[in-house]
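Comments concern the structure below.
The values are calculated or read from the model by the stated rules, or taken from the named source; none is laboratory data. Small disclaimer: the values here were computed from a predicted structure and weren't measured. Here the Cβ is made from the backbone with ideal geometry for all residues, glycine too, and neighbour counts use every protein chain on show.
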Amino acid sequence: MTNQPTNPIFNGNKLKLGTFCTNTIANMTFAPDRADPTWANSLAMAHLADNAGLEAIVPIARWKGYLDDKPDHYSNIVFDVFTWAAGLAQATKYSSVFATSHAPTMHPVLVAKQCATIDAISGGRCSLNIVGGWNRREFDMFGIDLMEHDQRYVYLEEWLKLLRRLWTDPNEFDYDSKYFHMKKAISRPQPLQKGGIPIMNAAQSPTGMRFSAKNSDIGLISPHGATPADWKPEIDNYKRMAREEFGREIQLWTNGAIVQRDTQKEADDYLRTYTEDYLDNECVDSIMLTISKENNVPLGSERLAFMRRRMSMGAGHPLVGTAQSIAEELVRVSEAGIDGIIFTWVDYVDGVQRFVRDVVPLLEQAGLRQPHFAPASVPSRASA
Ligand SMILES: Cc1cc2nc3c(=O)[nH]c(=O)nc-3n(C[C@H](O)[C@H](O)[C@H](O)COP(=O)(O)O)c2cc1C
């Protein structure tokens, strides 16, 4: 329904690419070359991604970090995702600029208007990641309860229904339920993208994935298993559920953590430096405890250990090696059925530069992507 040519997440590239978390520090490490989450860095990374034709610039939505009583901890430093996306929308020409909503902290009327505004600024390139929350510290600041896990998705479904109605309904409407009390609701302008802004959702649980299959354009997943070949059954099942139960085609994306160097040894050494010598163990432990408690992942389980290893690297599938070996692994990721992947790096600007220069051409040679030619001008905003 939202298949619009203005938004590159619907382009013909078999493996779509993007940056992740450039509005904060993704890596729980004290490595000296860890990039600071300044606006200048956000902008530099967005320009690199945009000029290279990467499809997505995805932030993380975080009102507060992961440690209590440590106001100066770097995990507290997170740019607001909507105003950040609006700034990047103006500064870019091609990539889809994502915002991310913590649905229970933001009324649909607010999000409808913010997204429509970003869509107008970007000429139809806004996308929205919707999350129900898990980090209770954030909800405590708002004085609202973090809902029981599965109930989050019941709430999210109603919230999204209202958001889409605001984006599409030609008339004002009343709506009254347990959670929402709306009288003569309207949101203008509606998005340039007809049918509304494309929706991403990063559910991992069976309840959440079912929600995502039913409601989202992109499911952002962390498939079980160390290698892409292990992921295939899970990916096939997910897409089958969307198709057979809900009559929908859904893209599945994942996230990756890149360490790219000229030799494998250099990459391995650097990985060891930031995930062992400089790892912020206190922070990673705190995240794991919170995930275990709020998302029902048992302490001591293999799944939690897997998530900890990933979180130590930057929260995604490890892509550690040379440009050639990273490109080869991305071919395997695509063969497993993944349609897109968003990345973190410790030193983002250097990392994105290397990746765009050395890996992207190899993906083009492998037939996963078409060469990108930066458009000469910003898309027309005449109708915004
Ligand atoms: C790649 C990725 C990105 C995510 N981004 C956010 C985010 O920006 N903000 C947030 O609160 N949660 C985020 N989450 C957490 C999810 O919304 C969700 O809580 C988590 O994946 C657990 O899934 P479940 O609710 O199905 O158990 C993200 C998860 C993943 C895997």
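Scanning the range 181-232 for residues that are small (G, A, S), under 26 Å from T117 (Cβ atoms) and part of a helix (DSSP H, G or I) turns up just one, S212. I need a count of the residues in the range 263-275 that are over 30 Å from K232 (Cα atoms) and loosely packed, with under 13 Cβ neighbours inside 10 Å. Count: 1.
With respect to the conditions (1) at pLDDT 95 or above; (2) of a type outside the set (D, E); (3) within 25 Å of I25 (Cβ to Cβ), R310 lacks only one, and its number is (1).
Within this structure, L17 fails the test of being farther than 30 Å from T290 by Cβ and aliphatic (A, V, I, L, M). Listed by first and then second residue, the pairs with beta-carbon distance under 7 Å, at least 6 apart or on different chains, first residue in the range 285-301 and over 19 Å from D150 (Cα atoms), second among the polar types (S, T, N, Q), are L299/S292.
If I filter the range 133-156 down to residues being near the ligand (Cβ under 9 Å from one of its atoms) and assigned to a loop (DSSP other than H, G, I, E, B), which single residue comes out as nearest to the chain's Cα centre (by Cα)?
Ranking the qualifying residues of the range 133-156, first place goes to G133.
The set of residues from the range 88-121 being within 16 Å of the ligand (Cβ to nearest atom) and under 21 Å from F173 (Cβ atoms) comprises S101, A103, M106, V111, Q114, C115.
So, of the residues in the range 49-95 that are part of a loop (DSSP other than H, G, I, E, B) and among the aliphatic types (A, V, I, L, M), which turns out to be farthest from F343 (Cα to Cα)?
Taking the range 49-95 as the starting set, the residues that turn out to be part of a loop (DSSP other than H, G, I, E, B) are 52-55, 59-73, 77-80, 92-95.
Right, trim to among the aliphatic types (A, V, I, L, M) and you get 52, 54, 60-61, 67, 77-78.
On the way: A52: 14, L54: 11, I60: 12, A61: 16, L67: 24, I77: 19, V78: 17 Å.
The selected residue is L67.
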